[in-house]
Structures are given as structure tokens and as C-alpha cells.
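Have a look at the structure below before the remarks.
The values are calculated or read from the model by the stated rules, or taken from the named source; none is laboratory data. Here the structure is a predicted model, which is why all the values come from computation and not from measurement. Using ideal geometry, Cβ is built from the backbone for each residue, glycine included, and neighbour counts are taken over all protein chains shown. In case anyone asks, the SASA skips ligands and DNA or RNA and just uses the protein heavy atoms, side chains included. Shrake-Rupley method; radii C 1.70, N 1.55, O 1.52, S 1.80 Å.
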Amino acid sequence: MTSPLDLDALRTAIENIDEEILDALRRRMDLADDVARSKLATAAPFRDQRREDLLLRRIRTRAAEHGLDPHEVERFWRLVIDMSVARQQALVTRLDTTPLRVGYPGVEGSYSHLAARHRYTGRAGGVLLTGFDHSRELVEALRRGEMDLALLPIENTTAGSMNETYDLLAEGGVVITAELVSQVDHRLLGLPGAKLEALREVISHPQALTQCEAFLREKLPWARAVPDADTGGAAQKVRERNDVTVAAIASETAAQRFGLEVLARGLQPEFDYTRFVEVGREPTPLAPGVPCKTSLLMVLEHKPGTLGEMLQRLTLRGVNLSKLESRPIPGSPWQYRFYVDVEGHAASAPLTAALEDIRPLTSFLRVLGTYGRAEGSHG
């Protein structure tokens with residue numbers, strides 16, 4: 001029998017057991033791939049809450065029989081279940097024969113459509129892209145399992161944040177799985193034969209109108225700016241209305257799609273980018289070494305200095321903050337929830353410790369997702 005004082009031997013024994021746990025976990029994840037294929041073949045949902053509850057009940061009982069804390073073991077097993085579901089979800093994106101169902105807000109030719117086409121073109125097995133009139137309709141379809149992923153604009157370097165996307169993320173049921181940054185290149189589009197000086201109305205998404213506000217003020221101060229659901233849809237309306245006094249701010253692809261002419265270029269600042277987030281129902285694993293970001297949602301205790309204390313605790317843990325956004329809490333006047341983007345993985349030691357440090361300062365704290373950092377996101 002090993003002497004209690006032989007610390008090196010004890011540590012070696014523990015490391016051997018750790019290897020056994022890792023090997024068992026790998027075998028469990030391998031089985032998750034087979035489970036995913038079976039679920040795809042039978043159209044079964046990837047998450048079965050009733051079965052998970054039964055499994056956790058059995059695990060609690062078995063933990064107690066083994067002399068282990070059933071609550072701590074349940075907490076560990078919930079992580080294992082989440083890993084398994086994420087593995088199953090990731091399999092869908094790797095299969096050559098399963099088209100990925102991706103939704104985006106807008107119509108063909110909108111900037112969301114162009115970003116989705118850029119991201120998913122060339123995927124083995126194909127991608128089924130579907131446009132939705134509104135972001136809320138898209139996210140609800142994602143929650144129901146009718147879409148595998150949604151691509152949503154979340155901020156622009158000129159016009160700022162897309163508040164609707166932040167509010168939809170706060171409602172839960174979805175997580176951020178990736179981000180991408182796309183350069184915006186607006187065009188002023190009109191019917192063939194339309195003249196700049198004859199325009200009386202310019203239609204586009206509110207963000208696009210904001211991005212091009214200087215151009216409209218200087219070149220078309222007499223024209224009325226009319227907000228629309230998306231840029232591609234605005235171009236479609238110009239074609240349908242068949243009025244040479246109406247123009248749209250949209251992409252050149254939208255001009256080709258709807259048979260419009262480009263009346264002006266260079267409408268927005270030279271360096272204008274939109275950041276999109278890919279959203280799914282479950283997180284997806286990241287390869288080791290991938291530079292990543294984590295998005296958090298929190299409601300801080302309503303006390304003086306709490307925000308500053310939260311930021312200081314992140315700093316003390318060496319966590320770099322890349323974005324801080326506040327939004328009103330519906331039904332709670334002058335109360336706010338905060339969206340925080342930080343560098344690093346939510347499961348990394350520094351960020352795990354930082355979250356534990358700031359948790360006492362919050363009345364609500366949730367990880368919205370950990371995902372690979374896009375080139376050009378500067379954070």
C-alpha cells in the first residue's frame with residue numbers, strides 16, 4: 001500500500017485516474033456523433049429535456065451510493081451533457097449530405113444575405129439560406145428548430161449597435177457561435193433614367209440611413225429619408241413602385257437583383273464595417289489555440305460604484321474588455337442590463353475566476369456565447 005507521505009506516488013495515481021476519465025469522456029463524445037446521426041435519421045430533437053431529467057435523477061442516486069456529493073456530481077454531469085449536445089450540433093455542420101439551414105434578416109441582395117453567402121458558400125453538403133422579414137421571426141424559427149443557425153447584424157462602425165439583436169439575445173434560448181465582419185459599400189439606387197436632382201424620397205434600413213446621413217444632408221437635403229426593414233427590401237420597393245422620384249440605399253448586388261441603376265457611390269465613410277453574429281441553439285466547440293471572445297449579459301446590483309467595481313475585478317484578473325453596451329430592462333424604468341464582450345474562453349481559468357469574482361455584484365449573469373474572434377473585429 002502506498003505510504004500517505006509518498007506525495008509523488010499519490011499525484012501519479014491521480015494523474016492516471018485523470019487519464020482514465022479523459023479517455024472515457026472521449027469515448028462518450030464519440031458515441032455522441034452516432035447519436036447525432038441517429039437523431040438526424042429519425043428527425044428527433046437534439047435536446048430531450050425529459051430524458052435529461054431522468055438521467056440526472058439516476059446520476060444523483062448513483063453518486064450518493066458512491067459516497068459522493070450528489071449536487072456537485074449533478075453540476076459536473078450537466079456540463080458533460082452540454083458538451084455532448086454541442087458535439088452533436090457540430091456534427092451537422094461537418095456532414096457532407098446534410099444542408100445547413102441558415103436564416104438571415106432581409107431579402108436577397110441585403111447586406112445580411114451577402115454576409116451569409118460569403119460565410120457559407122462552398123460548405124460541403126450545401127447550405128439552405130432563408131430570408132426573414134424581421135429578426136424576431138428568424139430567432140423564433142431558430143428556437144423552434146426550423147433553422148440551424150441565424151446570422152444577425154449586431155453593430156456598425158458608423159451607426160453603432162443594433163439594439164434589436166441585443167434584446168433578442170437577452171430573451172434566451174440561443175447562443176452566439178461565431179462572428180464575422182463585413183465591409184459596407186452602399187449605393188444609391190434608382191429606376192433606369194432616374195436623376196439625382198429629381199429624387200424626393202430615399203428608402204433604406206435605419207442603420208443605412210444613419211451611415212449615409214452626411215451624404216443625404218449634403219447632396220439630397222430636399223429628399224425625405226424613409227426607414228424600411230432592410231436594404232434589399234428597400235431596393236425591391238423602388239422597383240415595385242416604379243417611381244423615378246424614389247431611390248434606395250442598398251448594395252450593388254441589390255441593383256442587379258432588381259434591375260436598378262447606381263445613381264451614386266461612396267455614400268458612407270471610407271472605413272465602414274458591420275459586425276454580424278452567428279447564433280445557434282447550442283454552443284459549438286472551438287479548436288485549441290483559436291483566438292476567441294466571450295459575450296456576457298449581466299444585471300448589476302443597483303448600488304453606487306457597482307459598474308466600476310465590476311470593471312476593476314475583470315482588470316485584476318487580466319481579462320481584456322472589448323465592448324460594453326447597456327440596454328433598458330423592459331418594465332423597470334431606469335434599470336439597465338449590460339452586454340460585455342471580453343477576450344478569452346468562458347471555460348478558461350482567468351475568465352472562470354473573473355466570473356466568480358463579479359457574480360456577487362450581479363442579480364443576473366449569463367454567458368451569451370464563446371466564439372472565434374473574426375479578423376477586423378479588434379477585440
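Cβ-Cβ distance of Ala124 and Ser38, R₀ of 25 Å, FRET efficiency by 1/(1 + (r/R0)^6): the value works out to about 0.75. I'd like the orientation of helix 111-120 relative to the chain: the angle between its Cα long axis and the longest Cα principal axis, in ° from 0 to 90, rounded to 10. Roughly 40 degrees between the two axes. Measure nothing but the geometry: give the 0 to 90° angle between the long axis through the Cα atoms of 7-42 and the longest principal axis through the Cα atoms of the chain, rounded to 10°. Orientation of helix 7-42: about 50 degrees from the principal axis. What you get for the chain, charging only the Cβ of Lys and Arg (+1) and of Asp and Glu (-1), is a dipole of about 700 debye around the Cα centre.
For a straight C-alpha distance cut-off of 16 angstrom, the lysines reachable from Lys323 (same-chain residues fewer than eight places away being disregarded) are Lys293. Computed with a 1.4 Å probe over protein heavy atoms only, the accessible surface of the chain comes to 53 Å² per residue. Working note: Karplus 6.51/-1.76/1.60 with θ = phi - 60° gives the range 241-258 the couplings 6, 6, 10, 6, 8, 10, 10, 10, 9, 7, 8, 5, 4, 5, 4, 5, 5, 10 Hz, where Gly and Pro are set to x. Quarter the surface of the alpha carbon convex hull of the range 44-130 and you get the mean projected area, 7.7 square nanometres. Once both labels are positioned 7 Å from their Cα atoms along Cα-to-Cβ, the gap between Asp23 and Lys303 label points is 5.0 nm. What a 1.4 Å probe finds exposed on the chain is 54% carbon and sulfur by accessible area, rounded to a whole percent. Over every Cα atom in the range 220-349, the radius of gyration and the widest Cα-Cα span, Dmax, amount to 21.9, 61 Å. Multiplying the residue separation of Glu261 and Trp334 by 0.36 nm and removing their Cα-Cα distance gives an extension gain of 21.6 nm. Extension gain, Glu15 to His66: 0.36 nm times the residue separation minus the Cα-Cα distance gives 16.3 nm. A simple spin-label model places the labels of Leu324 and Val244 5.5 nm from each other, with each point 7 Å out along Cα-to-Cβ.
Taking a straight Cα-Cα cut-off under 27 Å and skipping sequence neighbours fewer than 8 places away in the same chain, the lysines within cross-link reach of Lys219 are Lys195, Lys237. Between the amide H of Tyr336 and those of Ile329, distances stay under 5 Å, these residues lying 5 or more places away or on another chain, with hydrogens modeled in the peptide plane.
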